[in-house]
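Data first, discussion second: the structure below is written as structure tokens.
The values are calculated or read from the model by the stated rules, or taken from the named source; none is laboratory data. If you're wondering where the values come from, they're calculated on a predicted model, not measured in any experiment. FYI the Cβ positions are ideal-geometry reconstructions off the backbone, even for glycines, and counts take in every protein chain you see. In case anyone asks, the SASA skips ligands and DNA or RNA and just uses the protein heavy atoms, side chains included. Shrake-Rupley method; radii C 1.70, N 1.55, O 1.52, S 1.80 Å.
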Amino acid sequence: MVIYNPRSVKEIQEERKLESSGSTKEQLAYVLKVQEANKGLTEQSVGDLSLALGEIAKDFSQAMAEITMLIGAGMGGTN
């Protein structure tokens, strides 16, 4: 199995270097840099998920309406 890692080799090497010999201050600065870089990605993901959930809710609502109409027709309601 191949696992895709979107991070660059330089970034991974920098992280490993900090883990082994960097000061706490340097490690915190690196974490903050990574968090800031990921902020845009997180915001985009939240937007995409919101749109997807809206579509799911719309489809579910339509399906429930159709099921309700079929049940009503099956129980002698209007056709």
- Item | Unmet criterion (only one of (1) assigned to a helix (DSSP H, G or I); (2) exposed (fewer than 10 other Cβ atoms within 10 Å of the Cβ); (3) at pLDDT below 80) for LYS10 | (3)
- Item | Candidate set: region 33-79, residues that are under 30 Å from ARG7 (Cβ atoms) and of a type in the set (Ser, Thr, Tyr); chosen: the one least open to solvent (accessible area, probe 1.4 Å) | SER45
